1. When the stretch 20-69 is examined, which residues are found to be out of contact with any helix residue (DSSP H, G or I) (no Cβ under 9 Å at 6 or more places or on another chain) and assigned to a strand (DSSP E or B)?
2. Is there a residue being outside any helix (DSSP H, G or I) and closer than 13 Å to THR18 by Cβ anywhere in the stretch 75-85?
3. Within the bounds of the stretch 53-68, is there any residue that is under 22 Å from LYS100 (Cα atoms), modelled with pLDDT of 95 or more and open to solvent by 40 Å² or more (accessible area, probe 1.4 Å)?
4. Please state which of the following conditions SER72 fails to meet, knowing it meets all the rest: (1) polar (S, T, N, Q); (2) open to solvent by 20 Å² or more (accessible area, probe 1.4 Å); (3) part of a helix (DSSP H, G or I); (4) touching a helix residue (DSSP H, G or I) at 6+ places or on another chain (Cβ under 9 Å).
5. Answer yes or no as to whether ILE42 is open to solvent by 40 Å² or more (accessible area, probe 1.4 Å) and either touching a Gly at 6+ places or on another chain (Cβ under 9 Å) or closer than 15 Å to GLU9 by Cβ (or both).
6. For residues in the stretch 10-31 being open to solvent by 80 Å² or more (accessible area, probe 1.4 Å) and more than 17 Å from GLN63 (Cα to Cα), which is nearest to the chain's Cα centre (by Cα)?
Amino acid sequence: MDILNDLAEDLKLLGDKTRLTILTLLKERECCVCEFVDLFEISQPAVSQHLRKLKSSGMVKEQKRGQWVYYSLNIADKPHVKAILNLTPDANTVLSQLNKPSKAVCCE
């Protein structure tokens, strides 16, 4: 396993603003796909594509509950990702920048 290659791939994923924002929001709590669709105002397939990339890199994990899939951070083995997320704003600041209420939509 090439550590520099893995780092480069992770940093490439973090270079996308939507994916970085998703990870920033997941710092505080797990979220459902439908919440991200509402927050970013993009299609569900587009959100799912971002989440698929993050999941395949091992940065997020998913848990199915009924018909909904919830995502949470999975970066215990990625100190470089933790370091970057320590520099990102809190969820309320991000939601404010997106002109969204601090209370996110929920599928349940």
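1. Answer for the stretch 20-69, where residues must be out of contact with any helix residue (DSSP H, G or I) (no Cβ under 9 Å at 6 or more places or on another chain) and assigned to a strand (DSSP E or B): CYS32, GLN63, LYS64, ARG65.
2. Among the residues of the stretch 75-85, not one is outside any helix (DSSP H, G or I) and closer than 13 Å to THR18 by Cβ, which makes the answer no.
3. no
4. (3)
5. So ILE42 does not fit the description; no.
6. LYS17
The values are calculated or read from the model by the stated rules, or taken from the named source; none is laboratory data. Keep in mind it's a predicted model, so treat the numbers as computed, not measured. Ideal geometry is used to build each Cβ from the backbone, glycine not excepted, and the neighbour counts take in all protein chains shown. Side chains are part of the model used for accessible areas, which takes the heavy atoms of the whole protein and leaves out ligands, DNA and RNA. Shrake-Rupley method; radii C 1.70, N 1.55, O 1.52, S 1.80 Å.
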